Number of protein chains: 4
Amino acid sequence: MGMIGGGRGAFIGAVHRMAAGIDGQIELVAGALDVNPEIAILSGQDLYLNPERNYGTYQEMIEKESKLPEGERIDFVSIVTPNHVHYDPARLALENGFHVVCEKPMTFSYDEAVALEKLVQDTGLVFALTHTYTGYPMIKQAREMLQSGMFGTIRKVVVEYPQGWLSTPLEATGQQQASWRTDPKRSGRAGSVGDIGTHAENLAETITGLKITELCADVSTFVEGRLLDDDANVLIRFDNGAKGVLHVSQVSAGEENPINIRVYGEKGGIQWHQHDPNTMYVKWLDKPMEVYRTGTGYMGSMAQAHTRTPSGHPEGYLEAFGNIYRNFAKVVQARIDGREPDPEFLDFPTVHDGVRGMRFIDAVIESGGKNASWVKM
Amino acid sequence: MGMIGGGRGAFIGAVHRMAAGIDGQIELVAGALDVNPEIAILSGQDLYLNPERNYGTYQEMIEKESKLPEGERIDFVSIVTPNHVHYDPARLALENGFHVVCEKPMTFSYDEAVALEKLVQDTGLVFALTHTYTGYPMIKQAREMLQSGMFGTIRKVVVEYPQGWLSTPLEATGQQQASWRTDPKRSGRAGSVGDIGTHAENLAETITGLKITELCADVSTFVEGRLLDDDANVLIRFDNGAKGVLHVSQVSAGEENPINIRVYGEKGGIQWHQHDPNTMYVKWLDKPMEVYRTGTGYMGSMAQAHTRTPSGHPEGYLEAFGNIYRNFAKVVQARIDGREPDPEFLDFPTVHDGVRGMRFIDAVIESGGKNASWVKM
Amino acid sequence: MGMIGGGRGAFIGAVHRMAAGIDGQIELVAGALDVNPEIAILSGQDLYLNPERNYGTYQEMIEKESKLPEGERIDFVSIVTPNHVHYDPARLALENGFHVVCEKPMTFSYDEAVALEKLVQDTGLVFALTHTYTGYPMIKQAREMLQSGMFGTIRKVVVEYPQGWLSTPLEATGQQQASWRTDPKRSGRAGSVGDIGTHAENLAETITGLKITELCADVSTFVEGRLLDDDANVLIRFDNGAKGVLHVSQVSAGEENPINIRVYGEKGGIQWHQHDPNTMYVKWLDKPMEVYRTGTGYMGSMAQAHTRTPSGHPEGYLEAFGNIYRNFAKVVQARIDGREPDPEFLDFPTVHDGVRGMRFIDAVIESGGKNASWVKM
Amino acid sequence: MGMIGGGRGAFIGAVHRMAAGIDGQIELVAGALDVNPEIAILSGQDLYLNPERNYGTYQEMIEKESKLPEGERIDFVSIVTPNHVHYDPARLALENGFHVVCEKPMTFSYDEAVALEKLVQDTGLVFALTHTYTGYPMIKQAREMLQSGMFGTIRKVVVEYPQGWLSTPLEATGQQQASWRTDPKRSGRAGSVGDIGTHAENLAETITGLKITELCADVSTFVEGRLLDDDANVLIRFDNGAKGVLHVSQVSAGEENPINIRVYGEKGGIQWHQHDPNTMYVKWLDKPMEVYRTGTGYMGSMAQAHTRTPSGHPEGYLEAFGNIYRNFAKVVQARIDGREPDPEFLDFPTVHDGVRGMRFIDAVIESGGKNASWVKM
């Protein structure tokens, strides 16, 4: 693995490295860890990168690695930069034959997303988008149960992602995470809607198997002087006639990261809450609610395949993240070995999810700009 | 107290009687307990009503009671009928000098609500609307804290009221509660929006002290053949600039009655959940969440005045309901005694809340009818 | 109903009155509300008792009421005094033909308890002991499920009742509730063990149908100068071979009143927590935990018969208490009417529970006095 | 790292490898992964061990590794075998200059534990015992707060560790985990008491800083034919006068792994539950309970130093385990570098905890054998 971004001062880079390392199958061997070449090099030294593969720029990394003999060069790049530096390195990597792991939202603009989708299809390379939450084993279970039809037709979805960390003008303090996320030049058209709204959208569509067809969004910026949205309340409609609510916020003071989803069908439904990710509440019209737990014998095969420890040993965010890396790596390895990957590993967010997310951002921002009118997705 | 409605087959009448009785200060002495005079009489016999005051119709009750000597006649009527039989008995009672307790939504139509408001103002009589949830002591606490400004300006409100009991066409089985609530001739323009949406609206406005100024509602009927809405997702905006989401449902299969509200200000906020009504979560930007509990020494005076037992002895729905009756009765008694009521008792939903609720119903249904456009409230 | 104790400054008397009043079938018509006749009279005036039936002493009340014509006199007395004033009024009431409701622990000493049991048996009168917690509908459900054998043989019971309100020497401030509970002359041999330990013992034996056969208790007094125990940790063994732990405390700072019980059988078990009394967790070896909720259609008939509202409308402590009063009153009424009571009402703690509780107190205190040796019960 | 045990069919070996790998600083380079040399070799091949360092026996591994040049040989061994194969490999490793990570309970017998303690002291090598639960950041926080005196003198400790997985005679099916844990020849004198009781004991002593001075244990075997205990209820007394209850079980059907601890001081206390390890409830006599969460700014420095992600991103069992490995590795590295380790890394269970655990096992089993008499620890 060669990492792009994730050096000093970064947050998500270290998460990627831990997630990639958890199963002992992926090794960080190269990096261009910052947009500033000097900091990139220093950051690579922090991580004891081989100096020869500790690059100042991603262009240099991709160029030099692509010239290394097969088997020596990196198999894939992991892009953990702010949004405006996703497309270019992804394109360059794909054009040079490297598989790609990329942070979400996938690109800076919808057009970039479409172009990237085409490039992935043309090159036939493997592309994973790190919508971490769908890596949780319980999300696999939710998806399996909801799509089995056991609850009847899905009628309603409530998905919410409230955070509170941007309740104050944190970007004015120079805090790095806040700064780029609230900067239209680095984040794109959206603030909270891109940063966490796409997670909510991806989670809802992934577990239900439904597509949002239109939405109506009340998009707000509560903190004075902030350049992008920090809150959005969205009415959503799905392709099967289901309705729903999606709301996200970064000014819900006191909230941490409790992405939460409820799906209701005719006969029952599910509720899952990221703060307690190993638990899912399964509700029924006429019998007691059941509490599903990961690591148990009654879990479905996909959930079991994405769990590392027995029930009662909590797994968390890094393990969910690790599932995306592991599956991606298994598919890449199968590709290298010239065989079909095991179907259980063909399970991670793809470039198509990324296009969908960028379309969601555009639709929400467009709707918000028209005083919350309905916009097709 | 003379009760109108609440006889055989009714649900809420018995709740009113228990709630009124809990403090030992209100006695049911007369009734016209069903629209069918025969059933009314039988129902009164079930309750051992004095045969002379067990009336066949509310008209008869009000007429005869009003002719009894002061001190012998009922002090007030309690109207627990379906929505289409709220206005007429309320009007008649007020015109004959009786104070009134009335179920929500207050009337069948907004016009009736306005007329009733005028009548209450003209007569100077006491009128209480049984929005039960605002009777909970913790709701008093939430109101006090939110309106104190301790959380800064309120930015966001999320209020939800999902039920599942109408997930099937229960009205087709003749079930009495389902039948009238889904019947436009008895329920009014709205189904779920009137039955539980007004609770959500009232709760949000009561605790924040803010007013909803406009809303955008996606109103649905999921059960085939049903004549009124059974689900609604609503974007709301408040008069101080706060935004919010209000969603209600009677087809959220597996949900009981978990009305839930979250309010976020600049520095923190609160969360309250009716299933655990003695607990409130108080969240802060930069310190641990606090768990407030009723019956404790740190609760404010209004919460304490509406709590009957020490902390750890759960109080519930009937006690909250009882608080409305107790306060109403205390104010009526003060009126009878010719003195000002203690301010702590001047705390129950009034005819103005009722007008507001009817306006809410109209706005939501109007917005829903226009494919979820914004409607002023 | 004639009440003995429960006047000014009392806590539990008001609870009894609300509980008795909740179903509208029991009326407080007489009282001897304090040991001090003057305060007794003033307390009765507070409650608007008929002056002729507002007595200075319980002896006077029992004597005078017993001379009233049948149908006019009270049907039963409710004894809500400190422990040392249970036996005498109960005996006098029974000897004069009155049924009795009595607070727990039943008497001051085990000998009194045995004598009272004999008197109840000899007179054939109805006697209810207010172990409130067994009045909860979910406890009926737990009892039914555990005794059905659906979990196999019961192996382990963990019951705990931690409170924190006596963490400081509150009795030194003159606080009335603390004062008598820590006074050997009024409370008896035990402090926390009598006040709340008997609740825990009664709950465990009631729902399992098992009997504690021996116990080993580490009894402590943590607050300096306190004359009775304020904490006890007890190993228990049951007559079927099950083992368990029972621990109670009044110095568990920060705890309110969270009596909690877990019972494990071969195939699964239950957990119930008084702070959320409408919920029971049902655990299974090999399938998801189920969350039972009162007011639902799947609850057993006894639980349903002791629930007043639909699911999702929380009932609490007063309703559980009210169930004891209602059942007692129904049985008394059947006795008055000369008919057999409906079996569903023959369900409240009796004089035998009271004897058992007093034996428990003696056994715990004896064991504690012998450095936690095993004592047979 | 060279691993002893943890090959095919093992459970905890893989956990150790993931935990050791999570921070990217420890590499598995050698192993003797099974007691059967053939299976050992096959297991090493599964993990792509270098064939030259994939050993058939731990003796061979230690011998050969010790002859490798410094810098090439392993720095430490990790012993993840059943209890009867802890002491010999640990001794051999220490005698050959290798640092040691060892599974709990530390040895087969108390005598072995004492011998090992002496050997660690004599060699000056680093020894870590994997009592995983003390690796959680919230446990660091609990320890800091409890030992700060902010709650006053500690009075009561309730620690419980109920599991249900041995509710049936699972060992009779040949299940590997059940088989050795219930076999006196491999597990030692104790079953549940050694396997999970020592975790409970270690947790209680670690966070309070107190020592258990004596205990009284009711030890049971519920499953017929089982050779070791599967349940124990223990009264405990601490060196400062605090009292407590410790109960463990492997026949609490339906329980997963919910190790739970509550500590009460004069002014308040804490509760922590492993199923939700990022949360701690802090209770107070006279103010609202606080909910502490890892990853927040108000956490103490030690908790922060053991957390990898921001609040709201759940960390779990593997991260807690990883903290032990990371700290151990940091201290080993400092030793190799000839410098003092950073104090924040000097925080993992040591050989002294192991001796204490073995003493606990002996005391509980001795007490149980004498019908639950008090035994000094």
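The values are calculated or read from the model by the stated rules, or taken from the named source; none is laboratory data. As the structure is a prediction and not an experimental result, all values here were calculated from the model. Here the Cβ is made from the backbone with ideal geometry for all residues, glycine too, and neighbour counts use every protein chain on show. These accessible areas exclude ligands, DNA and RNA; they are computed on the full protein's heavy atoms, side chains included. Shrake-Rupley method; radii C 1.70, N 1.55, O 1.52, S 1.80 Å.
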Solvent-accessible heavy-atom area per residue, rounded to whole Å², over the protein assembly as shown at 1.4 Å: 33
Calculated from backbone phi, Karplus (6.51, -1.76, 1.60) coupling profile of region C:254-268 in Hz, x at Gly/Pro: x, 8, 9, 8, x, 4, 9, 9, 10, 10, 10, x, 5, 10, x
Pseudo-label separations to other copies for D:G338 - Cα-to-Cβ vector, 7 Å, nm: 5.3, 10.2, 10.7
Position C:Q147, label points 7 Å along Cα→Cβ, spacing to each other copy in nm (shortest first, one decimal): 4.9, 5.0, 5.1
Over the protein assembly as shown, volume per residue of the alpha carbon convex hull, in Å³: 170
Chain D residue with Cβ closest to the axis mapping D onto A, distance in whole Å: D:G316, 2
Cβ crowding within 10 Å averaged over residues, with A:150-156, B:139-145 ranked highest first: B:139-145, A:150-156
Shape metrics for region D:148-244, restricted to C-alpha atoms - Rg then Dmax, Å: 15.8, 51
Most to least packed among A:40-51, D:32-43, C:250-261 [average Cβ atoms within 10 Å]: C:250-261, D:32-43, A:40-51
Shielded residues, region B:1-24 - accessible-area loss of 40 Å² or more between chain alone and all protein chains, probe 1.4 Å: B:F11, B:M18, B:I22
3J(HN,Hα) from dihedral phi, region B:69-80, Karplus parametrisation 6.51/-1.76/1.60, rounded to Hz, x for glycine, proline: x, 3, x, 9, 6, 4, 8, 8, 10, 10, 9, 10
Relative contact order of chain D, defined on C-alpha pairs under 8 angstrom at six or more residues apart (%): 20
Sequence ranges C:343-350, D:347-354, ranked by mean other-Cβ count within 10 angstrom, highest first: D:347-354, C:343-350
Kirkwood hydrodynamic radius of region B:33-79, Cα pairs, Å: 10.9
For region C:238-249, Karplus couplings with θ = phi - 60° (6.51, -1.76, 1.60), whole Hz, Gly/Pro x: 10, 5, 9, x, 5, 10, x, 10, 10, 9, 9, 7
Cβ neighbours within 10 Å from other chains - mean over B:57-63: 0
For region D:158-311, average projected area of the Cα convex hull in nm²: 11.1
At 7 Å out from Cα toward Cβ: C:N96 inter-copy label distances (nm, ascending): 4.4, 9.1, 10.1
Kirkwood Rh, angstrom, region B:138-200 [1 / mean 1/r, Cα pairs]: 14.5
Fraction of the pair-distance distribution of region B:284-338 above 20 Å, Cα-Cα pairs, percent: 42
Mean projected area in nm² (Cα convex hull; one quarter of hull surface) for region D:329-377: 4.4
Enclosed volume per residue, in Å³, of the convex hull spanned by Cα atoms of region A:84-235: 138
Cα-based reach from B:K64 at 20 Å (exclusive), listing aspartates and glutamates while leaving out same-chain residues under 8 positions away: B:E27, B:D34, B:E38, B:E52, B:E72, B:D75, B:D88, B:E95
Antiparallel content of DSSP bridges confined to the protein assembly as shown, in %, to 5: 65
Dipole axis of region A:116-218 (+1 Lys, Arg; -1 Asp, Glu on Cβ), positive-most option in A:I139, A:V120, A:G152: A:G152
Above-threshold pairs, the threshold being 30 Å between Cα atoms, out of A:K267/D:K283; A:K156/B:K156; B:K283/D:K267; A:K283/C:K140; B:K104/B:K243; D:K104/D:K376: A:K267/D:K283
Region B:279-377: trypsin sites (Lys or Arg not before Pro) in DSSP loop, at most 16 other beta carbons within 10 Å: B:R339, B:K370
Kyte-Doolittle mean at least -0.5, axial Cα span of 24 Å or more - DSSP H helices of chain D: D:317-337, D:351-369
Averaged over D:111-122, number of beta-carbon atoms from partner chains that fall within 10 Å: 0
Reach of B:K287 by Cα under 13 Å, taken over aspartates and glutamates that are not fewer than 8 positions away in the same chain: A:E255, A:E256, D:E290
Inter-chain shielding of A:287-300 (mean C-beta neighbours from other protein chains, 10 Å cut-off): 5
Global size of region C:221-377 as Cα Rg and Dmax, reported in angstrom: 19.3, 55
Where N is the number of residues in region D:1-57, Cα Rg divided by 2.2 N^0.38 Å: 1.01
Å³ per residue enclosed by the Cα convex hull of region D:96-176: 199
Area projected by the alpha carbon convex hull of chain A, averaged over all directions, nm²: 18.5
